[in-house]
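What follows is one structure encoded as structure tokens, with my remarks underneath.
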Amino acid sequence: MKKGALGCLIAAIVGIGIIAIVGFMIGPGFYNKAIDLQEDATAQWANVESSYQRRADLIPNIVNTAKGYAEFEQTTLIKVTEARSKATSITIDPSNITPAQLEQFQQAQQGMTSALSRLLAVFERYPDLKANENFKELINELERTENRINVERNRFNEAVKPFNKHLKKFPNNVVNNFIGNFSEMGYFEADEGTKDAPEVEFDFSN
């Protein structure tokens, strides 16, 4: 074997040995902290899902209440129902929240937000509906739910950030590449139409 090739072989063996030693020394600490941070983010994801589910649960009641008043708005009502169906059909494995999965989830929820915004704009034209006490309470609850969604999304991003930073830092990134247990999580992006809740502040005085 030529000296150059032998030198490369020795260097490779030494490099692998160093990585193995580093992994052995810091691996348990890296792994345990990664698990803790991942669990924090996963727990917060459950709060995000719960908030979105609460919104989805309100939609049928809002639509059913409106049907008796906004009888000429069937197309709008149907679009909201379809958007709700699509949004609730997408689920994410909380132990493996990838950026691609989160983007798909967010796009479906954006469709629900857009449809709901159009529906509420239509409802402004029906004073009798706005005077309905049950409808008033549903809209108030929707407003509270939209605010809660924004809060929980922000908290989720805050929980994901330290987990992702933990994976990126040296030598954690070397250890993680070696053991291959963890992947970075995605963030909620403040895309146009998703960072703002639908307009639900009706003027019930009319």
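The values are calculated or read from the model by the stated rules, or taken from the named source; none is laboratory data. No experiment lies behind these values; they were computed from the predicted model shown. Positions of Cβ are generated from backbone atoms using ideal geometry, with glycine treated the same way; all protein chains shown enter the neighbour counts.
Some observations on this one:
- When each of 118, 125 is tested for being farther than 16 Å from residue 88 by Cβ, part of a helix (DSSP H, G or I) and not hydroxyl-bearing (Ser, Thr, Tyr), the lone residue that passes is 118.
- When restricted to residues that are of a type in the set (S, T, N, Q) and farther than 15 Å from residue 38 by Cα, the range 163-183 contains 2.
- Long-range neighbours under 8 Å by Cβ, at least six apart or interchain, first residue touching a residue at least 60 places away in the same chain (Cβ under 8 Å) within the range 62-74, second in a loop (DSSP other than H, G, I, E, B): 65/132; 66/73; 66/126; 69/126; 69/132
- Residue check for residue 54: part of a helix (DSSP H, G or I), modelled with pLDDT of 95 or more and of a type in the set (Lys, Arg): yes
- Tally, over the range 86-99, of residues that are crowded, with 16+ Cβ neighbours inside 10 Å and either assigned to a loop (DSSP other than H, G, I, E, B) or on the phi > 0 side of the Ramachandran plot (or both): 3
- Contacts under 7 angstrom Cβ, first residue in the range 135-152 being within 16 Å of residue 47 (Cα to Cα), partner part of a helix (DSSP H, G or I) and of a type in the set (Val, Ile, Thr), 6 or more apart: 152/48
- Hits in the range 52-67 (condition: surrounded by fewer than 20 Cβ atoms within 10 Å (Cβ to Cβ) and among the basic types (Lys, Arg)): 54, 67
- Filter result (closer than 29 Å to residue 50 by Cβ and more than 16 Å from the chain's Cα centre (by Cα)) within the range 148-175: 162, 165, 166, 167
- Test for residue 102: is it out of contact with any Asp or Glu (no Cβ under 8 Å at 6 or more places or on another chain) and surrounded by 14 or more Cβ atoms within 10 Å (Cβ to Cβ): yes
- The single condition from (1) surrounded by fewer than 18 Cβ atoms within 10 Å (Cβ to Cβ); (2) at pLDDT 90 or above; (3) assigned to a loop (DSSP other than H, G, I, E, B) that residue 185 fails is (1).
- Failed item, numbered, when residue 99 is tested on (1) in contact with a Gly (Cβ under 6 Å, 6 or more places away or on another chain); (2) farther than 18 Å from residue 190 by Cα: (2)
- Considered as a group, the residues in the range 137-182 that are among the basic types (Lys, Arg) and assigned to a helix (DSSP H, G or I) include one that is farthest from residue 63 (Cα to Cα), and that residue is 168.
- Taking the listed residues 73, 49, 39, the one that is more than 16 Å from residue 137 (Cα to Cα), surrounded by 13 or more Cβ atoms within 10 Å (Cβ to Cβ) and over 17 Å from the mean Cα position of the chain (by Cα) is 73, with no other qualifying.
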